[in-house]
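Remarks on the structure that follows.
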Amino acid sequence: PRHWMLATALATAALATTGAAITAAPAAAADRCTTFRPNADLRACDLSGADLVGADLTGATLRDADLIDADLTRANLTRANLTDTNLTRANLTDATLTGANLTGAKLSFANLTRANLTGADLRRADARLAHLSEANLTGTHLTDADLRDANLTHAVLHQANLTRANLERAEFARATLTNANLTEANVHGTGFAD
């Protein structure tokens, strides 16, 4: 009987511990999704409509996060992982995304005016109707990116890789495309006039 009581007490304690861990998990996820600092883990967080103006998210992981309509004006996202992140209609005016990974990111209707995307990876990104005027895209990887109807007026795309990118009806007026790679890019209806 004593062994049975001890086993019952241990099982009850284990269940209580497990229950506490289960209860604490959503709270830990909620805390994780409200901590905005360098190297923050914001994977798969719902940050739609968030006010992140001037936030320092250097090296942060935002993979699969939802940032629809978020305001990231002047935010620092240097070397951040934004793979498959939804940035539809996000405001990234004057944001720093140097060396950021935006592979497969959704940037439709996003405002990236004057954003610094030097060396960023935007392979397979969906940037239809994105506003990238005066953006610095030097050395950016845009292979297989969708930039249909995007505004890249005055943008700097020096040594950018636009291989197989869809640039249909995109506007590149007064953009710098020195040594850019446009191999197999769709430039149907694209505006390159000064």
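The values are calculated or read from the model by the stated rules, or taken from the named source; none is laboratory data. A quick note: this is a predicted structure, and the numbers were derived from the prediction, not measured. Cβ atoms come from the backbone with ideal geometry, glycine included; neighbour counts cover every protein chain shown.
Report whether or not Gly139 is closer than 15 Å to Leu162 by Cα and either surrounded by fewer than 21 Cβ atoms within 10 Å (Cβ to Cβ) or out of contact with any helix residue (DSSP H, G or I) (no Cβ under 8 Å at 6 or more places or on another chain) (or both).
Values: closer than 15 Å to Leu162 by Cα: yes; either surrounded by fewer than 21 Cβ atoms within 10 Å (Cβ to Cβ) or out of contact with any helix residue (DSSP H, G or I) (no Cβ under 8 Å at 6 or more places or on another chain) (or both): yes.
It is true that Gly139 is closer than 15 Å to Leu162 by Cα and either surrounded by fewer than 21 Cβ atoms within 10 Å (Cβ to Cβ) or out of contact with any helix residue (DSSP H, G or I) (no Cβ under 8 Å at 6 or more places or on another chain) (or both).
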Looking at Gly99, Gly49, Gly54, Gly59, which one is out of contact with any Leu (no Cβ under 8 Å at 6 or more places or on another chain), surrounded by fewer than 22 Cβ atoms within 10 Å (Cβ to Cβ) and closer than 25 Å to Thr178 by Cα?
-> Gly99
Could you tell me which of the residues Gly104, Gly49, Gly59, Gly19 is modelled with pLDDT under 95 and not aromatic (Phe, Trp, Tyr)?
-> Gly19
Matching residues in the range 123-136 - criterion: being in contact with a strand residue (DSSP E or B) (Cβ under 6 Å, 6 or more places away or on another chain) and in a loop (DSSP other than H, G, I, E, B) | Arg123, Arg128, Ser133
Across (1) in contact with a strand residue (DSSP E or B) (Cβ under 8 Å, 6 or more places away or on another chain); (2) over 14 Å from Asn101 (Cα atoms); (3) surrounded by fewer than 24 Cβ atoms within 10 Å (Cβ to Cβ), Ala193 clears everything bar (1)
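Of all the residues that make up the range 157-176, how many are assigned to a loop (DSSP other than H, G, I, E, B) and buried (at least 18 other Cβ atoms within 10 Å of the Cβ)? Explain how you work it out, then say what you get.
Keep residues of the range 157-176 that are assigned to a loop (DSSP other than H, G, I, E, B), which gives 157-160, 162-165, 167-170, 172-175.
Still in the running and buried (at least 18 other Cβ atoms within 10 Å of the Cβ): 157, 160, 162, 165, 167, 170, 172, 175.
The qualifying residues number 8.
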May I ask you to list pairs of residues, at least six apart or on different chains, whose Cβ atoms are under 9 Å apart, with the first in the range 120-138 being β-branched (Val, Ile, Thr) and the second being buried (at least 22 other Cβ atoms within 10 Å of the Cβ) and in a loop (DSSP other than H, G, I, E, B)?
-> Thr138/Leu117; Thr138/Leu157; Thr138/Ala160
Restricting attention to the range 156-194, which residues are among the polar types (S, T, N, Q) and either within 21 Å of the chain's Cα centre (by Cα) or modelled with pLDDT of 95 or more (or both)?
-> Gln159, Asn161, Thr163, Asn166, Thr176, Thr178, Asn179, Asn181, Thr183, Asn186
Selection over the range 92-120 where residues are touching a His at 6+ places or on another chain (Cβ under 8 Å) and among the hydroxyl-bearing types (Ser, Thr, Tyr) yields a count of 1
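Residues are listed down the side, and each one gets a yes or a no for (1) among the hydrophobic types (A, V, I, L, M, F, W, C); (2) farther than 18 Å from Ala125 by Cβ:
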site: Leu42; (1), (2): yes, yes
site: Val53; (1), (2): yes, yes
site: Asp56; (1), (2): no, yes
site: Gly59; (1), (2): no, yes
site: Ile68; (1), (2): yes, no
site: Leu82; (1), (2): yes, no
Could you grab me the full set of residues in the range 141-156 that are part of a loop (DSSP other than H, G, I, E, B) and over 14 Å from Ala130 (Cβ atoms)?
-> Thr143, Asp144, His154
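So for the range 106-117 (the condition being within 20 Å of Pro38 (Cα to Cα), part of a loop (DSSP other than H, G, I, E, B) and among the charged types (D, E, K, R)), does at least one residue qualify? Spell out the reasoning first.
Initially, the range 106-117 is screened for residues within 20 Å of Pro38 (Cα to Cα), giving 115-117.
Filter again for part of a loop (DSSP other than H, G, I, E, B), leaving 115, 117.
Then keep just the ones that are among the charged types (D, E, K, R); that gives none.
No, the range 106-117 contains no residue that is within 20 Å of Pro38 (Cα to Cα), part of a loop (DSSP other than H, G, I, E, B) and among the charged types (D, E, K, R).
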